[in-house]
Amino acid sequence: MKQHIVRIGIGLLVTLFFAWQVVRQADDSLIARLDGIIYDARLNATMPGGVDPRIVILDIDDKSLQELGQWPWPRDLLARIIDKLFDRYAIGVLGFDIVFAEADTSSGIATLDRLAQTELKDSAGFQRSYRQLRPQLDNDALLARAIRGRPVVLGYYFDPRADARRIAAIPEPALPKGTFSRRKIDFLAMTGYGGNRPELLSGAAAAGHFFPWVDSDGTVRRVPMLVELDGAYYEALSVAMMRTILGSPKVEPGYPADAFLHRGYSGLEWLKLGKVIVPVDEMVRTLVPYRGRAGSFPYVSLSDVVADRISPERLKNRIVLVGATAAGLHDLRSTPVGRSYPGVEVHANLIAGMLDGTLKQKPPYVLGAELVLLTIIGVGLSIAIPMLSALWGSVTFAATVLFAIVLNLLLWTEADLVMPLASALLMSAAVYTVNMAFGFFVESRAKRQVVGLFGQYVPPELVDRMARDPEIYNMEGREEVLTVLFADVREFTNISESLSAKDLSAYINEYLTAMSLVIHKHGGTLDKYIGDAIMAFWGAPVADPEHAKNAVLAALEMQQRARTLSQEFQEKGWREARIGIGLNSGLMRVGDMGSKLRKAYTVMGDAVNLGSRLEGLTKEYGVDILIGEETRKLTKNIVYREIDRVRVKGKDEAIATYQPVSLEGQLSAVQQEELKLWSQCLRYYRAQNWDRAEVDLLNLRRMAPDCQLYEIYAQRVARLRNAPPPPGWDGVTTYHTK
């Protein structure tokens with residue numbers, strides 16, 4: 001974990017940055033824009049499609065303008081249309097996505113009123129006739145009369161600008177001032193409005209605003225259900241129509257149970273309209289549940305209604321919205337399902353969603369849920385990726401992204417919950433990219449350093465292993481139990497004198513290469529060449545629990561390779577390469593050692609010195625490999641022949657020395673018998689039973705006439721017989737030279 005702390009820290013900083021971006025909630029941020037794109041993709045992929053016949057849009061289209069004249073039409077015509085809609089076509093509810101702010105003077109009533117008050121003030125005939133005629137010329141009164149007592153909902157707009165005007169009249173607020181005084185809710189605050197003529201408003205069943213919320217990318221995805229003006233709260237057109245459909249229930253704010261509320265959370269999560277629940281977000285907006293592209297509701301040209309060109313069944317008991325799609329009237333919006341989408345159809349989608357209970361919800365607590373998800377994913381990836389390989393880190397990243405997407409889609413389809421996804425995706429990608437970049441630019445440099453430092457010492461496969469975790473490998477000095485090996489060519493002085501400089505260079509290069517490859521094969525660290533001598537050790541820099549065994553196996557194979565080399569050398573006319581190898585295990589100091597001018601990764605200590613002494617003693621006993629007592633204790637499954645107990649120069653304690661013979665199970669019956677006889681001979685020798693020892697040695701020399709060890713011991717027995725050792729002799733051979 002420690003070697004990955006920097007990468008983990010960077011990942012956590014990335015997580016913290018994205019969490020701050022989420023809390024900041026900037027609508028124009030990259031995250032918000034990407035969330036908008038993701039929202040649109042989910043919406044388009046899951047829309048039900050088809051045409052909803054329950055809501056019909058009476059369209060002020062180009063055809064209607066051509067047949068009935070340019071807009072605005074006289075309000076007596078609108079009054080006749082309303083009468084026809086309710087009397088002939090028996091519609092259920094009528095809503096206007098239109099504002100009637102100014103008085104209608106198209107009948108000439110304003111001119112006649114002025115004449116009645118000025119030039120014709122004294123004309124009794126004119127005054128009498130005008131009093132009878134005037135009600136038929138008052139188009140606003142005619143429209144108000146057509147509206148009164150019928151389920152007609154008027155529309156109006158709000159203006160949030162500081163210098164906004166207040167035109168005509170708006171209805172009483174849906175919720176009075178002070179309703180949310182104890183709760184901090186981020187309502188959209190308005191300053192001005194464009195309402196309807198008071199006489200029209202007073203006769204309507206309700207009125208609602210059609211103020212759309214336009215995101216930073218210009219797209220209408222939400223509509224405020226309530227907006228604030230002078231501390232009071234006014235409902236949207238879709239809410240007003242829904243209340244009219246339901247029999248005008250009051251708007252009731254909806255909060256989670258106080259028992260589940262954090263004291264700092266006072267979010268309004270829904271509005272209740274009788275039995276209908278309208279979910280809202282932190283700004284009391286509702287997501288528009290678009291069911292499809294433009295035309296998801298039946299459109300009827302108003303000119304066809306006027307001319308009775310449609311069947312009454314098409315409108316009977318329908319919810320009817322009057323709106324405009326004519327290009328000149330500019331009521332087209334950019335939406336997730338179309339860039340030129342009729343504004344009136346936005347309200348139709350909202351009403352249909354309220355009727356079906358399919359409104360998507362994004363309550364204020366989603367912010368907290370998003371932060372929790374970000375924290376889990378961010379912390380998880382920040383810790384996991386640095387500790388995994390590049391492949392498994394990539395798999396973990398892909399699995400995390402897939403999990404976030406699947407969870408998001410499940411919440412969308414099964415719970416109608418809109419959970420932001422962009423922050424989780426961007427953060428996951430950022431944590432992954434930072435880690436990969438760090439691994440490439442920083443860790444690759446560390447790996448190159450490891451390769452540069454240790455490549456000349458250890459086998460390539462160990463260098464690759466070290467390069468995967470470069471932080472835990474360094475050249476700092478430390479104490480470890482290791483195994484050291486020394487190898488030397490016998491009579492190399494004579495060999496060098498018999499060869500030319502060129503042949504000698506080839507001879508030593510081939511020899512050192514062959515021996516080094518064997519050392520690397522068994523996981524050894526090549527320390528140095530000292531002329532024809534080789535020094536290597538096992539157990540560092542890469543830990544090796546079987547360092548002693550691997551060193552012994554390497555020594556056995558080195559002897560075998562030396563015999564093969566000798567045959568090759570003799571074919572070239574060179575002398576054979578006979579080598580002696582000494583091994584010892586024990587506590588050693590390993591690290592980068594030397595001077596300011598030159599350093600090397602090496603081992604030092606008494607155990608190292610003893611290994612060197614053992615290599616020198618191979619000549620004294622005529623054996624090819626000699627190992628120390630500690631190495632013997634650390635190895636298993638290898639058959640040894642004990643050679644002697646010796647006391648080398650500079651050491652007071654005697655140690656047992658051994659020669660590895662072969663792996664267990666590979667000895668012939670003759671070899672087993674020879675080892676058994678040799679062990680018995682050593683016991684007689686140490687017990688000073690020279691006669692029995694001599695008999696055993698005689699038999700051993702017959703079994704292996706070329707073994708110098710038996711000849712050396714035979715000479716030693718003869719010498720000791722003639723000059724017995726002093727009392728208390730322990731059978732140890734002491735050497736006073738290196």
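Going by the conditions given, is Ser505 surrounded by 13 or more Cβ atoms within 10 Å (Cβ to Cβ), out of contact with any strand residue (DSSP E or B) (no Cβ under 8 Å at 6 or more places or on another chain), free of Cβ contacts under 8 Å to residues at least 40 places away in the same chain and part of a helix (DSSP H, G or I)? Taking the combined requirement at face value, the residue does not satisfy it. A search for C-beta distances below 8 Å between a residue of segment 468-485 that is at pLDDT 90 or above and any residue that is in a strand (DSSP E or B) and polar (S, T, N, Q), counting only pairs 6+ apart in sequence or on different chains, returns Val481/Ser585; Leu482/Ser585; Thr483/Asn584; Thr483/Ser585; Val484/Asn584; Val484/Ser585. Within segment 592-607, can one find any residue that is on the phi < 0 side of the Ramachandran plot, β-branched (Val, Ile, Thr) and surrounded by 14 or more Cβ atoms within 10 Å (Cβ to Cβ)? Within segment 592-607 (the criterion being on the phi < 0 side of the Ramachandran plot, β-branched (Val, Ile, Thr) and surrounded by 14 or more Cβ atoms within 10 Å (Cβ to Cβ)), the answer is yes, since at least one residue qualifies.
Among helices (runs of 4 or more DSSP H) lying entirely in segment 1-100, which contain 1 or more residues that are loosely packed, with under 15 Cβ neighbours inside 10 Å and more than 24 Å from the chain's Cα centre (by Cα)?
Numbers: elements: 5-24, 30-46, 62-68, 75-87.
Because the criterion is at least 1 residues that are loosely packed, with under 15 Cβ neighbours inside 10 Å and more than 24 Å from the chain's Cα centre (by Cα), the helices (runs of 4 or more DSSP H) in segment 1-100 that meet it are 30-46, 62-68, 75-87.
If the condition is being of a type in the set (A, V, I, L, M), within 20 Å of Lys275 (Cα to Cα), in contact (Cβ under 8 Å) with a residue 24 or more places away in the chain and in a loop (DSSP other than H, G, I, E, B), then segment 202-260 contributes Ala205, Met225, Leu246.
Condition check ((1) in the same structural domain as Arg701 (by TED's automatic domain parsing); (2) closer than 14 Å to Val552 by Cβ) across all residues:
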site	(1), (2)
Lys636	no, yes
Tyr640	no, yes
Ile643	no, no
Glu653	no, no
Lys676	yes, no
Ser679	yes, no
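Within segment 384-395, residues that are within 12 Å of Met436 (Cα to Cα) sit with their Cβ atoms under 7 Å from residues that are of a type in the set (Lys, Arg) and surrounded by 14 or more Cβ atoms within 10 Å (Cβ to Cβ), at 6+ positions apart or across chains, in these pairs: Pro386/Arg7. All conditions but one from (1) of a type in the set (Asp, Glu); (2) part of a strand (DSSP E or B); (3) under 60 Å from the mean Cα position of the chain (by Cα) apply to Glu615; the one that does not is (2). Taken together, the criteria place Leu425 among residues that are modelled with pLDDT of 90 or more and crowded, with 18+ Cβ neighbours inside 10 Å.
Flag not set for Gly380, criterion: in the same structural domain as Leu94 (by TED's automatic domain parsing) and out of contact with any His (no Cβ under 7 Å at 6 or more places or on another chain). For segment 576-607, the set of residues classified as in contact with a Phe, Trp or Tyr (Cβ under 8 Å, 6 or more places away or on another chain), touching a residue at least 60 places away in the same chain (Cβ under 8 Å) and outside any strand (DSSP E or B) consists of Ala577 only. Can you tell me which residue in segment 315-344 is nearest to the chain's Cα centre (by Cα), limited to those that are exposed (fewer than 14 other Cβ atoms within 10 Å of the Cβ) and touching a residue at least 60 places away in the same chain (Cβ under 8 Å)? So the residue we want is Ala327.
Restricting the first member to segment 509-520 and to residues that are farther than 11 Å from Met535 by Cα, and the second to residues that are surrounded by fewer than 16 Cβ atoms within 10 Å (Cβ to Cβ) and β-branched (Val, Ile, Thr), the beta-carbon pairs closer than 9 Å and six or more apart or on different chains are Ala514/Thr564. When segment 229-255 is filtered for residues that are small (Gly, Ala, Ser), closer than 21 Å to Ala348 by Cβ and more than 44 Å from the chain's Cα centre (by Cα), the ones remaining, listed by number, are Ala240, Gly247, Ser248. Every listed requirement among (1) in contact with a strand residue (DSSP E or B) (Cβ under 6 Å, 6 or more places away or on another chain); (2) within 17 Å of Gln361 (Cα to Cα); (3) surrounded by fewer than 22 Cβ atoms within 10 Å (Cβ to Cβ) is met by Leu188 save one, (2). Selection of segment 529-539 for residues being buried (at least 22 other Cβ atoms within 10 Å of the Cβ) and part of a loop (DSSP other than H, G, I, E, B) yields only Gly539.
In the set (1) within 44 Å of the chain's Cα centre (by Cα); (2) part of a strand (DSSP E or B), the condition left unmet by Val542 is number (2).
Hey, among Lys651, Lys676, which residue is more than 60 Å from the chain's Cα centre (by Cα), of a type outside the set (Asp, Glu) and over 24 Å from Trp538 (Cβ atoms)?
Working: Lys651 fails: over 24 Å from Trp538 (Cβ atoms).
Being more than 60 Å from the chain's Cα centre (by Cα), of a type outside the set (Asp, Glu) and over 24 Å from Trp538 (Cβ atoms) holds for just one of Lys651, Lys676, which is Lys676.
Test Phe397 against the criterion of being more than 30 Å from Trp270 (Cα to Cα), surrounded by 13 or more Cβ atoms within 10 Å (Cβ to Cβ) and assigned by TED's automatic domain parsing to the domain that holds Arg33, and give yes or no. The answer is yes for Phe397.
The values are calculated or read from the model by the stated rules, or taken from the named source; none is laboratory data. Note that the coordinates shown come from a computational prediction; the quantities given were computed from them, not determined experimentally. Ideal geometry is used to build each Cβ from the backbone, glycine not excepted, and the neighbour counts take in all protein chains shown.
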